[in-house]
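Notes follow the structure.
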Number of protein chains: 2
Amino acid sequence: MSIAVGLMSGTSLDGVDAALVEIKGEGETLQVELIDFICLAYDEGLKDEIRDCIALEKSNVQKICSLNFKLGMKFADAVIEVCQKGKMPIGSVDFIGSHGQTIWHQPKQEANLVSSTLQIGEPSVVAFRTGIKVVSNFRVMDVAAGGQGAPLVPYSEWLLYRDQNKNRVFQNIGGIGNLTYLPKNGQPNEIQAFDTGPGNMIIDYACQKLFGLQFDEDGKIAASGKINQDMLKECMSHPFLLKNPPKTTGREEFGAPYVDGLLKKFSSIPKADFIRTVTMFTAQSIVEAYKGFILPKSDIDQIIIGGGGAYNKALIKMIQNELGTDIEVMTQEELGYSSEAKEAIAFAILAHVTLHHLPSNLPGVTGALKPVILGQITSAS
Amino acid sequence: MSIAVGLMSGTSLDGVDAALVEIKGEGETLQVELIDFICLAYDEGLKDEIRDCIALEKSNVQKICSLNFKLGMKFADAVIEVCQKGKMPIGSVDFIGSHGQTIWHQPKQEANLVSSTLQIGEPSVVAFRTGIKVVSNFRVMDVAAGGQGAPLVPYSEWLLYRDQNKNRVFQNIGGIGNLTYLPKNGQPNEIQAFDTGPGNMIIDYACQKLFGLQFDEDGKIAASGKINQDMLKECMSHPFLLKNPPKTTGREEFGAPYVDGLLKKFSSIPKADFIRTVTMFTAQSIVEAYKGFILPKSDIDQIIIGGGGAYNKALIKMIQNELGTDIEVMTQEELGYSSEAKEAIAFAILAHVTLHHLPSNLPGVTGALKPVILGQITSAS
């Protein structure tokens, strides 16, 4: 049995997630219990420093050098705080798994730039300030091995969520939608994982533009509108949907410029209809991914939805309707797991695997040449 | 017994030094034998990329992300090459100690920048390509512990060069002069180490300006000139010489602007006299450091000189004359140790110490709050 903290600082730049967990067993019999969870928010000054360091024009070596240490201090604070909240003496924590803050990802060779990825949040600072061993910087080894360095969460999903009797799809709906398919009684090399297309990205941006709202709460706006078939047809012709997995997408394909284009072209559509239509696009792009790339080879028994999109009732209902009744659709919370703590928990698990000298990348998912041990180990004493 | 490779990529940006060593014993009885040594030169393109990444105006996050991986590939090449030269199967190497390339050092808090240091040369790339465990990134933990992150070599000098019966000073004469004082039969906490002032920096720059030569070979020019006492007096009044150790200096105090000032003020002095005078300044600044900060508390039995300055016979003779006859002056080679491989060897030793879970910083030397284990451990399999 070990006590660990997983740390995740995401692309939203909101703050750092810290999950305090108890890990029982090891290898394939590993079990994890969430003791407590916090998200330690970044203040505006720190957010500005991160924004500078991820911007080509504003970043420089001095800012990156300093921010690496400053984020390390913040990560240490998050560890201390989640331990206090969970009433866990800090000396009882065996290790920390820290993802770090991604400040650049260079997926492909380009001119004299090589494939590479860069996460910061100095583990030495975390280790010195907490007195705890840190495993960090998980993505670099997969990239060194010829992979994309992502996604890394599927292996921990396999450890936690695989089932003896059910083919499960874990559908995450964040800004982008992505899935992990865990066949019943399957081995790690049978896992599939890829991006399905837009998650909340289009819906949220359209809500801001049309209603001045951050998002469509509970999917109420979508529920009140009608589908515009012309627009839906145009959306569903997006070339990303037909690409063979493994595949990834992002803001460059479904961000502001794309939605602005739709808003302009379909400006005559009632606002609520626009929201319902992009919600249906999101639902269909997810379901088409199953129909195109999973169901031809295998049944799906259960779809478990996590991420902010799990709270959009209209979206979930659409996914259910599009799928038909044979497949059970549920949220991660209904299955008994925390959706918000999921990624932070994943990096506690990956750290545990690394400390047992075992690989945790999935070459079939990341494109790496072979399984490798992820992360670097840092200890002050 | 273990076989290791130490890697050092210095501030000269010439290339990466790789020392293949055999390490016997552990802890205080450790012994090291150099099997082979190479310096793998950087091509001009790579040098330009490094120069961009250390420059405030030209550096950015994308260049740093890529260069981190590219240097990792070069470091892996250096390991493979030194093993070939030393006829050592790469599978026989137990570990690599890699210093990395320093691209920024922020010694003090300044506005919203925190004390920090940044070395790159991705250890995951080195570990994946060589199949060898890598210990890297030694300076960050000392900085995390409140230290300057430098100098780190003194602990390995203590392990290798301390003597039961002799108080030894190791005087390195690179661009800057720096010393390590190892009292006879002394413990790590009795080590002193600090910069003495200019090394070859002033002599080399003046040779370029006055003679179009890269340096004063064997000190022949200095040997042919006379001392100008006025200029020597002015040089010796430099405030750095009186500062109490631990202290560090660099190009900002003894670089081009300083020498240009001297050349302008003392333009009437014959060229060879100028070279002899700055050589004497270098010699006296070194000897004054002993007289001011070592000899008041303890005798010195032996001074062992390393670095490029060890080949400047005029300089060595001046140091001997200034010291008098009681103190033996010799070069590192005369003691039986390679001068060029010294730093690369040091990082193989520091890696060995880290893998034995022992600290290797010297708080009295770096200013750290306490001894800490340096470096991060990375292994692909």
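If I ignore ligands, DNA and RNA and count only protein heavy atoms, how much of A:Phe266 is accessible to a 1.4 Å probe, in Å² to the nearest 10?
30 Å²
Please compute one quarter of the surface area of the Cα convex hull for the protein assembly as shown and express it in square nanometres.
On the way: hull surface 142.4 nm².
Averaging across all directions leaves 35.6 nm² for the Cα convex hull.
Summed for both chains, how many Å² of accessible area, to the nearest 100, are buried between B and A with a 1.4 Å probe? Present the calculation step by step, with values, prior to reporting the outcome.
Numbers: alone 17550 and 17520 Å², together 31000 Å².
It comes to approximately 4100 Å² buried between B and A.
Determine which aspartates and glutamates satisfy two conditions relative to A:Lys184: a Cα distance under 20 Å, and not lying fewer than 8 residues away in the same chain.
A:Glu28, A:Glu157, A:Asp163, A:Asp299, A:Asp301, A:Asp326, A:Glu328, A:Glu334
Volume per residue, Å³, of the convex hull around the alpha-carbon atoms of chain B?
On the way: hull volume 55.6 nm³, N = 381.
So the per-residue hull volume is 146 Å³.
So how compact is the range A:137-200: Cα radius of gyration and Dmax in angstrom?
When restricted to Cα atoms, the range A:137-200 yields Rg and Dmax of 12.6, 36 Å.
Report, ordered by chain and residue number, the lysines lying within cross-link reach of A:Lys264, taken as a straight Cα distance under 21 Å and ignoring same-chain residues fewer than 8 apart.
Cα-Cα hits under 21 Å: A:Lys209, A:Lys226, A:Lys233.
Can you list the residues of the range B:39-66 whose accessible area drops by at least 20 Å² going from the chain on its own to the full set of protein chains, with a 1.4 Å probe?
In the range B:39-66, residues shielded by partner chains: B:Glu49, B:Leu56, B:Ser59, B:Asn60, B:Val61, B:Gln62, B:Ile64, B:Cys65, B:Ser66.
In terms of Cα to Cα distance under 25 Å, which lysines are near enough to A:Lys58, apart from those fewer than 8 places away along the same chain?
A:Lys47, A:Lys70, A:Lys74, A:Lys108, B:Lys47, B:Lys58, B:Lys63, B:Lys70, B:Lys108
Rank these by accessible area, largest first, 1.4 Å probe: A:Lys342, B:Lys297.
Values: A:Lys342 25, B:Lys297 155 Å².
In descending accessible area the options line up as B:Lys297, A:Lys342.
Rounded to whole Å, give me the distance from the Cα center of the range A:334-376 to that of the range B:320-353.
Centre-to-centre distance over Cα atoms comes out at 46 Å.
At B:Asn185, label 7 Å along Cα→Cβ: distances to the other copies, nm, ascending?
Copy-to-copy label distances at B:Asn185, shortest first: 7.3 nm.
For the range B:154-335, with every protein chain kept in place, what is the accessible area per residue (1.4 Å probe, Å²)?
Value returned for the range B:154-335: 46 Å² of accessible area per residue.
Round to a whole number: what % of the accessible area of the range A:1-109 belongs to carbon and sulfur, probe 1.4 Å? It would help to have the intermediate numbers written out before the result.
Values: 2250 of 4510 Å².
Carbon plus sulfur share of accessible area: 50 percent.
Quick one, could you list the DSSP H helices from chain A stretching 24 Å or more along their long axis (Cα atoms) with average Kyte-Doolittle hydropathy of -0.5 or above?
Values: long enough: A:61-85 (36 Å, 0.44); A:271-293 (33 Å, 0.25).
Result, helices passing both filters: A:61-85, A:271-293.
In the range B:1-153, what percentage of the DSSP-assigned beta bridges are antiparallel, given to the nearest 5? Could you put the intermediate results ahead of the total?
Values: 24 of 33 bridges.
Counting DSSP beta bridges with both partners in the range B:1-153, the antiparallel share is about 75 percent.
Give the dimensionless ratio obtained when the Cα radius of gyration of the range B:12-67 is divided by 2.2 N^0.38 Å. If you can, show how the numbers build up before the last one.
Details: Rg = 17.2 Å, N = 56, 2.2 N^0.38 = 10.2 Å.
Ratio of Cα Rg to 2.2 N^0.38 Å: 1.69.
Quick one: accessible surface of B:Ile227, probe radius 1.4 Å, all protein chains present, in square angstrom to the nearest 10.
Spelled out: B:Ile227, probe radius 1.4 Å, area about 50 Å².
How far apart are the A:Asn321 label points across copies, placing each 7 Å from Cα toward Cβ, in nm, shortest first?
Reported distances to equivalent positions: 9.8 nm.
From the phi of every residue in the range A:246-252, what ³J(HN,Hα) in whole Hz does the Karplus formula 6.51 cos²θ - 1.76 cosθ + 1.60 yield, where θ is phi - 60° and glycine or proline is x?
Working through the residues one at a time gives x, 8, 10, 9, x, 4, 5 Hz.
Calculate the tail of P(r) for the range B:233-381: the fraction of all Cα-Cα distances greater than 28 Å, expressed in %.
Values: 4123 of 11026 pairs.
Result: 37 percent of Cα pairs exceed 28 Å.
What is the percent of Cα-Cα separations in the range A:154-335 that go past 25 Å? Present the calculation step by step, with values, prior to reporting the outcome.
Numbers: 5015 of 16471 pairs.
Value for the range A:154-335 (Cα pairs over 25 Å): 30 percent.
Which value, in Å² rounded to 10, gives the accessible area of A:His105 with a 1.4 Å probe and all protein chains present?
70 Å²
Using DSSP, restrict attention to beta bridges with both residues in the protein assembly as shown and report what percent are antiparallel, rounded to the nearest 5.
On the way: 81 of 117 bridges.
Counting DSSP beta bridges with both partners in the protein assembly as shown, the antiparallel share is about 70 percent.
Tell me the distances, shortest first, between A:Lys58 and the same position across the other copies, using label points 7 Å along Cα→Cβ, in nm to one decimal.
So the distances to the same position in the other copies read 2.5 nm.
Along the three principal axes, how long is the range A:82-208 when you take its alpha carbons, biggest first, rounded to the nearest angstrom?
Extents along the principal axes, in whole Å: 48, 41, 40.
Helix-only mean residue ellipticity at 222 nm, chain A, DSSP H runs n ≥ 4 weighted -39,500 (n - 2.57), per residue, nearest 500. What is it?
Calculated from helices alone, the mean residue ellipticity at 222 nm is -11500 deg cm²/dmol.
Stokes-Einstein diffusion coefficient for the range B:28-146 at 20 °C in a medium of 1.002 mPa s, Rh from the Kirkwood formula over Cα pairs: what value in µm²/s? Spell out each step's value before the answer.
Values: Rh = 16.0 Å.
Estimated via Stokes-Einstein, D reaches 134 µm²/s.
Please name the residues of the range A:119-145 whose accessible area, counted over protein heavy atoms with a 1.4 angstrom probe, falls by no less than 20 Å² between the chain alone and the full protein assembly.
Relative to the lone chain, where solvent access is computed with a 1.4 Å probe, the range A:119-145 loses at least 20 Å² at A:Glu122, A:Ser124, A:Phe128, A:Val140, A:Met141, A:Ala144.
Have a look at the range A:90-118 and report residues whose accessible surface goes down by 40 Å² or more when the remaining protein chains are included, against the chain on its own, probe 1.4 Å, ligands and DNA/RNA excluded.
A:Trp104, A:Asn112, A:Leu113, A:Val114, A:Ser116, A:Leu118
Give me the percent of the accessible area of the range B:154-335 that comes from carbon and sulfur atoms, probe 1.4 Å, all protein chains in place.
Values: 3920 of 8290 Å².
Using a 1.4 Å probe with all protein chains present, the range B:154-335 comes out at 47 percent carbon and sulfur.
The values are calculated or read from the model by the stated rules, or taken from the named source; none is laboratory data. From a predicted model like this one, the values you see are computed outputs, not experimental measurements. So basically every Cβ, Gly included, is an ideal-geometry build from the backbone, and we count neighbours across all protein chains shown. What goes into the accessible areas is simple: the full protein's heavy atoms, side chains included, and nothing from ligands, DNA or RNA. Shrake-Rupley method; radii C 1.70, N 1.55, O 1.52, S 1.80 Å.
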